[in-house]
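What follows is a short report on a single structure.
The values are calculated or read from the model by the stated rules, or taken from the named source; none is laboratory data. Just so we're clear, the structure is a prediction, and the values are computed from it rather than from any experiment. Note that we place each Cβ from the backbone using ideal geometry, even for glycine, and neighbour counts take in every protein chain shown.
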Amino acid sequence: MNDGDTDPTQGGTVFAPWVLPGLQNSAFTKGFVDRILSHLKELDDSRAEARGFDKVTRLEHCLQTATLAHQAGEDEEYVVCCVIHDIGDLLAPFNHGEFAAALLEPFISEKNYWLIANHHAFQGYYYFEHIGLDKNLRDTYKGHPYFDDAITFCDKYDMPAFNPDMEYMSLDDFEPMIRRLLMAPKKSIWVPNPPQH
């Protein structure tokens, strides 16, 4: 490693050693995590329009979701998914879950990918009937191996995270976790020899 570089598994600023050297050395690629963090900060200027969901900013909601997961002892990958799960709200309002999941896919498990991609259908149980949609849309996924996990995500972490009185961790607190995860891709044509688990 070059002087000043640190181990990505310790929250550093360089990619994991299995990432192709051309990508490791690319200034554009190195700026990837900074761009993610910058966009997350933009969520702090936006609130959901639905009653009950507008008490906190979109960023505060993501941070509260992640704080609840962290306090419950979820692993770091899961916690980072919570921070990023609504990053698509501004850029992809019609498919924000799939947007966030696609962004995270090279770095996360199949289960976490599915949870993030489909969380809006499960969250809809709490409000879809008020906007003319079927609140039981999530039931179309019954029998899926991650069905119960998605209910847990929404019930335990996502839905309670619209609390204006909650104390929660800051984006700065989560940044080392975000860097560790997003600088160690595991599934990509650009990463031909990732570590095997």
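Numbers below:
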item: One residue from I131, I116, I189, I178 being β-branched (V, I, T) and farther than 30 Å from W18 by Cβ; result: I131
item: Options D149, D134; residue that is free of Cβ contacts under 8 Å to residues at least 12 places away in the same chain and surrounded by fewer than 18 Cβ atoms within 10 Å (Cβ to Cβ); result: D134
item: Condition met for Y125 (among the hydroxyl-bearing types (S, T, Y), more than 22 Å from D75 (Cα to Cα), in contact with a helix residue (DSSP H, G or I) (Cβ under 8 Å, 6 or more places away or on another chain) and crowded, with 18+ Cβ neighbours inside 10 Å); result: yes
item: Flag for P176 being out of contact with any Cys (no Cβ under 7 Å at 6 or more places or on another chain) and either over 15 Å from Y78 (Cα atoms) or in a loop (DSSP other than H, G, I, E, B) (or both); result: no
item: Test for T65: is it closer than 21 Å to D149 by Cβ and either of a type outside the set (D, E, K, R) or part of a helix (DSSP H, G or I) (or both); result: yes
item: Members of the range 19-52 that are among the hydrophobic types (A, V, I, L, M, F, W, C), touching a helix residue (DSSP H, G or I) at 6+ places or on another chain (Cβ under 8 Å) and modelled with pLDDT under 95; result: L23, F32, V33, L43, A48, A50
item: Where E110 falls short, out of the listed (1) in contact (Cβ under 8 Å) with a residue 12 or more places away in the chain; (2) closer than 22 Å to V191 by Cα; (3) surrounded by fewer than 21 Cβ atoms within 10 Å (Cβ to Cβ); result: (1)
item: Tabulated pairs, the range 44-66, first of a type in the set (S, T, Y), second modelled with pLDDT of 85 or more and part of a loop (DSSP other than H, G, I, E, B), C-beta under 7 angstrom, 6+ apart or interchain; result: S46/T57; S46/L90; T65/H85; T65/A161
item: Residues that are part of a loop (DSSP other than H, G, I, E, B) and either within 19 Å of L68 (Cβ to Cβ) or out of contact with any helix residue (DSSP H, G or I) (no Cβ under 6 Å at 6 or more places or on another chain) (or both), drawn from the range 92-102; result: P93, F94, N95
item: Selection within the range 87-118 - modelled with pLDDT under 95 and under 20 Å from D45 (Cβ atoms); result: G88, D89, L90, L91, A92, P93, H96
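Every residue, every condition in (1) closer than 22 Å to T67 by Cβ; (2) within 19 Å of the chain's Cα centre (by Cα), yes or no:
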residue: L90; (1), (2): yes, yes
residue: L104; (1), (2): yes, yes
residue: E110; (1), (2): no, yes
residue: M166; (1), (2): yes, no
residue: L171; (1), (2): yes, yes
